[in-house]
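Presented below is the structure to which this report refers.
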Amino acid sequence: MNNFTFYSPTYFAFGKDTEKEAGHYVHRFGGTKVLIHYGGGSVVRSGLLDRVKESLAKENISYVELGGVQPNPRSGLVYTGIELCKKEGVDFILAVGGGSAIDSAKAIAAGAVYDGDFWDFYEGKQVEKALKVATVLTIAAAGSEGSGDTVITKEEGMLKRGAGSEYLRPVFSILNPELTQTLPAYQTAAGATDIMAHVFERYFTNTKEVEITDRLCEAVLTTMIKEVPRVIADPNHYEARANIMWAGMVAHNNLVGVGRDQDWASHMIEHELSALYDVAHGAGLAVIFPAWMTYVMKQDVMRFAQLAVRLWGCHMNYAQPEETAKEGIERLKKFLTSIGMPISFRELGAKEEDIPYMVKTLGLGDQETIGGFLPLTSDDITNIYRLAL
Ligand code: NZQ
Ligand code: ZN
């Protein structure tokens, strides 16, 4: 196991009606003037926004609002948010919604106390301070409610890039599984795929002797393959929603990834798809992950076979473990199809002729690679996109 530090200070309030405590927690964490940041309107239609506002009013906390965050959030609204925070003297940002609203809130939080262009942070500059961010989560997916990460798309050139900092971890996150019951089945499935992908990115490692995190990863994945079909069949299944919601947090606050090298190539490869075609990030991952797995399997066939046995109950073929590994990938594809996810470019609406453009915008130099498990060159990435056709 590698050396590591782990500091995950987010305070979680989980369960029914917890959004009514938003004001209490903002007060407790020192917010006096809040920006409520949300998406395209689902939180208005569900009445959640009103409940959150009532809760702030009860604590005499003043607020301003900024809605309109798009899925795959854009830089334009971040600039608007930064200006608003400066003008109104905002000291606390409360994101109400999914990963997109939360990531946009984190970008505003960093940009509002920085003299330069917030995009610097998405080009590698370290965040050294930020306004406090908190969340009321409405979709189990990105894990942004417990992570210090944020992903934004710069409209100019449609560049989708990430930034990360301990200053951007939410100080509190409110997770009420009931709030996810209004999600369309497709979004539920895309979110679930993202959660599984966050585990795969950590599971496929070259670090040896990481039994505890292997087993934690497998626990999250096993939970997902049990619970996701239950919520697809019955969107109001509270217990299944609850298990998925907590799995989404655990999958990405790095509890299951400490002490081991991680991969993350598939996420970078996917971000080009969601930037270009504006598809749901999880749906893009459903297309990329099986192709990536097929391409990199040779790096450690036994690790793929291990997952096939432990997750899908495949029979271990000791003479030809690659057969077991391949069966595991086939089972994953079947699972994704069964929950309504695309597994090919064609189903996603992506085009073969755009592959060179996507590889180019990833911006790798001749000697550069991405991915911690099997480093991939631009040619490898082209091959993976082609496998996904
Ligand atoms: O915008 P509204 O109207 O709220 O509708 C949203 C949106 O259309 C809708 N929705 C959310 N909760 C709902 C709901 N509709 C009905 N009922 C509800 N309860 O669902 C759609 C998707 O929402 P979004 O916030 O985009 O979803 P998600 O949480 O999957 O976030 C995706 C973004 O997160 C990034 C992705 O790249 C993508 O941009 N990621 C962020 C990460 C991080 N910060 O750590 C890690 C991830 O790997 C990921 O890259
Ligand atoms: Zn993701």
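The values are calculated or read from the model by the stated rules, or taken from the named source; none is laboratory data. Quick caveat, the model's predicted, so the values are computed rather than measured. Reconstructed Cβ throughout: ideal geometry from the backbone, glycine too, with neighbour counts over all protein chains shown. Accessible surface is based on the protein model in full, side chains and every heavy atom, while ligands, DNA and RNA are left aside. Shrake-Rupley method; radii C 1.70, N 1.55, O 1.52, S 1.80 Å.
Per-peptide packing, taken as the mean over residues of other Cβ atoms within 10 Å, places 128-141, 9-22 in the sequence 128-141, 9-22 from highest down.
Give the relative contact order (percent, whole number) for the chain; include only Cα pairs under 8 Å separated by 6+ residues.
15 percent
Scanning residues 5 or more positions from Lys33 or on other chains, those with amide H under 5 Å from its amide H are Asp91, Phe92, with H placed 1.01 Å from N in the peptide plane. Pairs exceeding 22 Å between alpha-carbon atoms, taken from Lys20/Lys132; Lys208/Lys333; Lys326/Lys351: Lys208/Lys333; Lys326/Lys351. Placing +1 on the Cβ of every Lys and Arg and -1 on the Cβ of every Asp and Glu, with nothing else charged, gives the chain a dipole about its Cα centre of roughly 760 debye. Net charge of the neighbourhood of Asn253, taken over other residues with C-beta under 11 Å away and scored Lys/Arg +1, Asp/Glu -1, is -1. Taking θ as phi - 60° and the Karplus parameters 6.51, -1.76 and 1.60, the scalar couplings of segment 157-172 work out to x, 6, 8, 9, 9, x, 9, x, 6, 5, 5, 9, 5, x, 6, 9 Hz in sequence order, x denoting glycine and proline. Compared with the direct C-alpha span, the chain from Asn317 to Asp379 gains 19.2 nm at full extension, assuming 0.36 nm per residue. Within the shell defined by Cβ-Cβ distances under 14 Å, the residues around Gln367 carry a net charge of -4, with Lys and Arg each +1 and Asp and Glu each -1. Taking the DSSP beta bridges with both ends in the chain, the antiparallel portion is around 20 percent.
Length gained on full extension, Lys58 to Asp17, computed as 0.36 nm times the residue gap minus the Cα-Cα distance: 13.2 nm.
For Leu94, Leu389, the ranking by accessible surface with the largest value first comes to Leu389, Leu94, using a 1.4 Å probe.
Taking other residues whose beta carbon is less than 15 angstrom from the beta carbon of Asp234, and scoring Lys, Arg as +1 and Asp, Glu as -1, yields 0.
In this structure, the amide hydrogen of Arg74, modeled 1.01 Å from its nitrogen in the peptide plane, lies closer than 5 angstrom to those of Thr153, counting only residues at least 5 positions away or on a different chain. Distance between the C-alpha centres of segment 130-194 and segment 33-57: 16 Å, rounded to the whole angstrom. Placing a pseudo-label 7 Å from each Cα along the Cα-to-Cβ vector at Ala185 and Lys334 gives an inter-label distance of 2.0 nm.
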